[in-house]
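Novice: Can you keep this structure in mind? I'll have questions shortly.
The values are calculated or read from the model by the stated rules, or taken from the named source; none is laboratory data. Model, not experiment: these values are computed from the prediction. Neighbour counts are summed over all protein chains in view; Cβ atoms, including those assigned to glycine, are modelled from backbone coordinates with ideal geometry. For the accessible areas, the whole protein counts, side chains as well, though only heavy atoms, and no ligand, DNA or RNA atoms are used. Shrake-Rupley method; radii C 1.70, N 1.55, O 1.52, S 1.80 Å.
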Amino acid sequence: MDCLIYYTSALIISFSLFYAYAKYKLSYWSRRGVKSPPTHLFFGNFKDCITLKKSPGEKMREIYNSADPDDLYIGFYIFHKPLLLLRDHDLIKQVMIKDFDVFPNRRFGSGSQRDPIGLDSILSMHQPKWKYVRNKLTPVLTGQKLKNMIPLMIESGKPMLNFIENLPTNEDGWSVYEIKDISVRYSTDILASLTFGININSFDDNETAFCKTGVTIFRGFMRGIVFIIQFFLPDWDFLVVPFIKGPANYLRNIFWDSMNTRERLGFKRGDMIDFMLALKNGEQNPIYKFEGDNLVAQPSSLYIAGFEAIGTAIAYALYDLGQHPEHQDTIYNEIQTQVSGKELTMDLINGLSFLNSVVVESLRLHPPLPVTDRITTRDYELPGSGLIIEKNIPVYVSINATNQDPKYFSNPQNFIPLRTEAKNKKKFYESLAFGIGPRSCIGQRCALLIVKVAIIMIISNYTISSKANKKHDNNAIHVFTYSSDGLYIQFKKRN
């Protein structure tokens, strides 16, 4: 009996201490005069994500929308960790661009960064190492190099068109297929050539190993959990190491096979392998030595980033056009007027203004990565608010919520390529899809070019149609934007 009383008393005391601790931790924002949504005593505001009921992107959208329309920011918690969500365009630009020296680092991968191929690359490394590596890699994607890539994009597009051509058709001449599968195969072929110097045809069932590696990195239940940990619980990244070793080893073997062959034969192809070989044999800086896995990390990170972002951007742009035949007709006419019968060049592509508007608007509605973040390196007063963001407090931007805020866009849920009220905001929300400020995606121009070439090739040859899928942004439990039911497109050959 005495033991029972003892254990009961110990339990009550332990719970009381935890309750007092949790309530204090979860009062961080209220003690600073910052609003926050109602919190769970243990999970904070992320219970639905931790229990896999909602995607982080959707949860961040909910937190964003729980604030008053004119609130500049709102506080929230992951477990007992305080984080701040920015809700104002000017503040986002202030933090991400003007005061980049205070916010140079991402929270993503900020744990142990034990995996060089995934977590110690340009995607997640910290200052000052990040700036050094970024400057070294920038020449890989200059304007002239992008111009030289267009023939590669067109060559990769030919198997894509053949694949669509060979799909079974119904009696009315329509074929149906999941467009994300097509767009990912197409982008994989281009990225494999650009980053690893290998020619593959992912539309050939005998050559899909490289594409399947990308799928293994991103898809599936466990992969969704891995990315949630890497983006929102980086201190727990030791839990995901077993799940990233396989793909990392595959990319490592591909890279060194290409590097060793290139070095032995002494020929140049003008791709990233040539560039990494030059860095390997060049003068090394102690801040970051281009050797071993440090070499593998850079093409791997560009492939990993591009695989999902480009495939998603192509798929949703075509999906939106399939729902809006009037815009599809406008693009087709623009292509026929300005491109038909000519060799496709970057200047011609850049001249397709309506195509650009379609891509920008689709990215506004469906950003491949709907959140981005930064961490303060010192205490920082948020301009115009009096709020001090303490050192190491993460700051987030909900890209999908910001891009669909009625404060900035009328009818924000609608696909309207020519938005007259967005003249001064267009470049801003376009860049949000690939990050913003100095840490925006290094391959953004290349990615947009790949997306546009795919749309040009498909719309030039096919009329497409799609049906509304209300689940495509909400039900896939993953950090990235996914369609839980797939994005199915109908194709019909143009006469």
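Novice: Which condition does ASP237 not pass, out of (1) modelled with pLDDT of 85 or more; (2) over 17 Å from the mean Cα position of the chain (by Cα); (3) open to solvent by less than 30 Å² (accessible area, probe 1.4 Å), if it passes all the others?
Specialist: (1)
Novice: Looking only at the stretch 27-42, count how many residues are open to solvent by less than 40 Å² (accessible area, probe 1.4 Å) and either farther than 14 Å from ILE63 by Cβ or out of contact with any Pro (no Cβ under 8 Å at 6 or more places or on another chain) (or both).
Specialist: Here the count works out to 4.
Novice: Follow-up. Could you tell me which residue of the stretch 79-115 is modelled with the lowest pLDDT, considering only residues that are assigned to a strand (DSSP E or B) and surrounded by 19 or more Cβ atoms within 10 Å (Cβ to Cβ)? Walk me through how you get there before you give the answer.
Specialist: To start, the set of residues in the stretch 79-115 that are assigned to a strand (DSSP E or B) comprises 81-86, 105.
Checking which are surrounded by 19 or more Cβ atoms within 10 Å (Cβ to Cβ) leaves us with 82-86, 105.
On the way: PRO82: 96, LEU83: 96, LEU84: 97, LEU85: 97, LEU86: 96, ASN105: 91.
The selected residue is ASN105.
Novice: Related question: Here are some conditions: (1) among the hydroxyl-bearing types (Ser, Thr, Tyr); (2) modelled with pLDDT of 85 or more; (3) touching a helix residue (DSSP H, G or I) at 6+ places or on another chain (Cβ under 6 Å). SER175 meets all but one. Which one does it not meet?
Specialist: (3)
Novice: Would you mention how many residues in the stretch 173-197 are surrounded by 16 or more Cβ atoms within 10 Å (Cβ to Cβ) and part of a loop (DSSP other than H, G, I, E, B)?
Specialist: 1
Novice: Please state which of the following conditions ASP90 fails to meet, knowing it meets all the rest: (1) more than 23 Å from LEU233 (Cβ to Cβ); (2) in contact (Cβ under 8 Å) with a residue 12 or more places away in the chain; (3) touching a Leu at 6+ places or on another chain (Cβ under 9 Å).
Specialist: (2) is the only condition that ASP90 fails.
Novice: What residue, of PHE290, PHE307, is part of a loop (DSSP other than H, G, I, E, B), over 20 Å from ASN414 (Cβ atoms) and open to solvent by less than 10 Å² (accessible area, probe 1.4 Å)?
Specialist: PHE290
Novice: Right, here's the next one. Does PHE267 count as modelled with pLDDT of 85 or more, assigned to a loop (DSSP other than H, G, I, E, B) and either touching a Lys or Arg at 6+ places or on another chain (Cβ under 9 Å) or open to solvent by 40 Å² or more (accessible area, probe 1.4 Å) (or both)?
Specialist: no
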